[in-house]
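Below you'll find the structure, written out as structure tokens, and then a few comments.
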Amino acid sequence: MEVRLHGMWASPYVIRVIWALKLKGVKYEYIEEDLSNKSMAVLEYNPIHKKVPVLVHNGKPIVESAVILQYIEETWPDRTPLLPEDPYERAMARFWIDFGQQKSLTFFAFFLTSEEDKHKTAAQVLETLKILEEEALGDKKFFGGNTINMVDLFFGWLTYSFGCMENISGVQVLLPETLPRLHRWTLDFKQEPVIKENLPDSTALLEHFKRVTKHLKSSNKFKPA
Amino acid sequence: MGGVKVLGLNSSFPCVRVLWALKLKGVNYEIVEENLLNKSPLLLQMNPIHKKVPVLIHKDKPIVESLLILEYIDEVWKTTYPLMPEDPYDCSMARFWAKFVDEKVVVTAFEAMKSEGEGKEVAIVAAKETLELLEKQIEGKKFFGGDEIGYLDLVVGWICLWLPAIEQVGGMKLLDSSTFPLLYQWTQCFVHIPAIHECLPPREKAVDYFQTGLNYLRSLDASKK
């Protein structure tokens, strides 16, 4: 039973898969990819999107982090369940993950915001996070209730990457004053042992974000509309 | 209470995916017809975040997003007609391709429909590239689900009637039987399955649906200029 994960240390898509594997106690081999010079393995395993993470289990590749999370849950169902048992609750968990994916452009716009647009893009992110706080989290400790589940893992990037976005754009959005329950969740989430032990180094991450922002802005690849 | 309702309209293929699933499972349901240009209070209450159809209402609780509804239906009525593959790896492949269909195949087809002039040729090429990938996926199989139709067949099913409607409205040909013989053959087998056939709208309704949509989009663009 061989499990390999091709990833990149700063990628939130990869980190959520690492968390899932660790929570399930699955042993795996990790291969760090250079995204500017991807290995033949990544290009062969993910020919359509050519991205990480790629999970390879018994020689078969699974790609797209949300798909991988579900695969992990279904392959190792008896350890640390990551989805509720009730079909309606499962559908709701999958809904919030889908919501997070649908809102990725909103976060991206904030990440790469220009000086003139920073308050506008920040307001759009705040609106999205308010929905998440009100409707998905509510008064629960975690999105999963008393224990973390797949939705917590999916939004876990808010507890480390998002701070870098706020730092670079110069606007703070996720604060106790603006999003009290979500802010409290970020602190509780990062205290969970598996999460705490598997967070990227914050200094290195900020430097990485600054480099990526500079590169993307100068290449005009993602010019905000 | 306890009955199954579908908020939607049978000219909308995401809605018909849900009807197909319910029919295959032998579940009785009621369709509550929606007017997308004048959404009902019930729809806005049941799907406040996305405000879209389809919405499945089961035991008075709403489930939204067609792909999530299909999985919900499969999990609730699990003893009849399984939709998702049994094997977790095959499940992950089905989910990956379902996402690809909605994010790439559908989107590029719409782009080609909407585009005009030089941009249209480019958009048509992009749409055909996505169909090529789908063609490779059906190779060696009667249906995407194997010998019987499954989740992915229901997701791809829009190409049997809605894609020709999109082609008509867009004045172009995307899925021709000589370029995509396997996919074409699949549409012929799929459309003759009784549960599938029974839920198909008249072709003119689908044409009307897209033409109305296109006119609306063009009127929005015109008012911005």
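The values are calculated or read from the model by the stated rules, or taken from the named source; none is laboratory data. Only a predicted model underlies this, so the values are computations on that prediction, with no experimental measurement involved. Cβ: placed from backbone, ideal geometry, glycine included. Neighbour counts: every protein chain shown. These accessible areas exclude ligands, DNA and RNA; they are computed on the full protein's heavy atoms, side chains included. Shrake-Rupley method; radii C 1.70, N 1.55, O 1.52, S 1.80 Å.
For chain B, what is the largest minus smallest coordinate of the Cα atoms on each principal axis, given in angstrom and ordered from greatest to least?
Largest first, chain B extends 52, 46, 29 Å along its Cα principal axes.
When the Kirkwood hydrodynamic radius is evaluated over all pairs of different C-alpha atoms of the stretch A:88-220, what value in angstrom, to one decimal, is obtained?
Radius from the Kirkwood sum: 15.5 Å.
Quote the convex hull volume per residue of the stretch A:26-83, based on C-alpha atoms, as a whole number of Å³.
It comes to 92 Å³ per residue, whole-number rounded.
Among A:Glu197, B:Glu30, what's the order by accessible area (1.4 angstrom probe), most exposed first? Numbers along the way, then the final one.
On the way: A:Glu197 140, B:Glu30 90 Å².
Putting A:Glu197, B:Glu30 in descending order of accessible area: A:Glu197, B:Glu30.
Calculate the spin-label point distance for B:Glu148 paired with A:Asn167, positioning each point 7 Å from the Cα along the beta-carbon direction, and give it in nanometres.
Each label point is offset 7 Å from its Cα along the Cβ direction, giving 5.4 nm.
Provide B:Leu24, B:Leu7 ordered by accessible surface of protein heavy atoms (probe 1.4 Å), highest first.
B:Leu24, B:Leu7
With a/c under 1.5 counting as rounded, go ahead and sort the stretch B:128-205 into rounded, prolate or oblate using the C-alpha gyration tensor (a ≥ b ≥ c being the square roots of the eigenvalues; past the cut-off, prolate if a/b is larger than b/c, else oblate).
On the way: a/c = 2.10, a/b = 1.10, b/c = 1.91.
Because a/c hits 1.5 or more and a/b fails to exceed b/c, the stretch B:128-205 counts as oblate.
Within a Cβ distance under 13 Å of B:Leu19, other residues only, what is the Lys/Arg minus Asp/Glu net charge?
Taking every other residue near B:Leu19 into account, the sum is +1.
For the cross-link pairs A:Lys140/A:Lys217; A:Lys50/B:Lys120; B:Lys39/B:Lys136, which exceed 31 Å when the distance is taken from alpha carbon to alpha carbon? Walk me through the numbers before you get to the answer.
Values: A:Lys140/A:Lys217 38 Å; A:Lys50/B:Lys120 27 Å; B:Lys39/B:Lys136 39 Å.
With Cα atoms farther than 31 Å apart: A:Lys140/A:Lys217; B:Lys39/B:Lys136.
For the protein assembly as shown, treating each Cα as an identical point scatterer without solvent, what Debye log10 I(q)/I(0) comes out at q = 0.13 1/Å?
-1.43
Please go through the stretch A:111-184 and write out the trypsin sites (Lys or Arg not before Pro) that DSSP classes as loop and that have at most 14 other C-beta atoms within 10 Å.
Details: sites: A:Lys118, A:Lys120, A:Lys130, A:Lys140, A:Lys141, A:Arg181, A:Arg184; in loops: A:Lys140, A:Lys141.
Those that pass, being in a loop and sparsely packed, are A:Lys140.
Only helical DSSP H runs with n ≥ 4 go in: add -39500 (n - 2.57) per run for chain B, normalise by residue count and round the 222 nm mean residue ellipticity to 500 deg cm²/dmol.
Helices in chain B give a 222 nm mean residue ellipticity of -17000 deg cm²/dmol.
Please check the stretch A:86-130 for residues whose accessible area, probe 1.4 Å, is lower by 50 Å² or more when all protein chains are in place than in their chain alone.
A:Pro87, A:Tyr88, A:Arg94, A:Phe95, A:Gln102
For the pair A:Lys214/A:Asn58, report the inter-label distance in nm, with labels modelled 7 Å from Cα in the Cβ direction.
Taking the simple label geometry, A:Lys214 and A:Asn58 are separated by 4.7 nm.
If each DSSP helix of 4+ residues adds -39,500 (n - 2.57) and the sum is divided by the residues in chain A, what number results at 222 nm, nearest 500 deg cm²/dmol?
Calculated from helices alone, the mean residue ellipticity at 222 nm is -15500 deg cm²/dmol.
Under DSSP H, which helices of chain B have Cα atoms covering 30 Å or more of the helix axis and a Kyte-Doolittle average no less than -0.5?
B:118-138
I need the calculated FRET efficiency for the pair A:Asp34 and B:Asn28, taking r as the beta carbon distance and R₀ as 56 Å, to the nearest 0.05. Walk me through the numbers on the way to the answer.
On the way: r = 56 Å, r/R0 = 0.99.
Computed FRET efficiency for A:Asp34 and B:Asn28 comes out at 0.50.
Helices from chain A with mean Kyte-Doolittle at least -1.0 and a Cα length along the axis of 24 Å or more, per DSSP H: which?
In chain A, the long hydrophobic H runs are A:202-219.
Report, please, the projected area of the stretch A:155-225 averaged over directions, based on the convex hull of its C-alpha atoms, in nm². List each step's numbers first, then the result.
Working: hull surface 23.0 nm².
Averaged projected area of the stretch A:155-225's Cα convex hull equals 5.7 nm².
Rounded to whole Å and sorted largest first, list the principal axis extents of the Cα atoms in the stretch B:38-95.
41, 22, 14
By how many nm would the segment from B:Val122 to B:Asn35 lengthen if fully extended, with 0.36 nm per residue of separation less the alpha-carbon distance? Numbers along the way, then the final one.
Details: separation 87, 0.36 × 87 = 31.32 nm, distance 3.32 nm.
Extra length available between B:Val122 and B:Asn35 comes to 28.0 nm.
Give, as a single signed number, the net charge of other residues whose beta carbon lies under 11 Å from the beta carbon of A:Ser65, with Lys and Arg counted +1 and Asp and Glu -1.
Values: positive: A:Arg16, A:Lys51; negative: A:Glu64.
After counting each charged neighbour, the total is +1.
Where in the stretch B:158-173 is the amide nitrogen less than 20 Å from a point lying 7 Å along the Cα-to-Cβ axis of B:Gln188?
Zone members listed by number: B:158-165, B:173.
Project the alpha carbons of chain A onto their principal axes and report the range along each, largest first, in whole Å.
Result, largest extent first: 52, 44, 29 Å.
Heavy atoms only, probe 1.4 angstrom, no DNA, RNA or ligands counted: give me A:His49, A:His119, A:His6 ranked by accessible area, highest first.
Order by accessible area, largest first: A:His119, A:His49, A:His6.
I need the calculated FRET efficiency for the pair B:Gln45 and B:Glu86, taking r as the beta carbon distance and R₀ as 30 Å, to the nearest 0.05.
0.25
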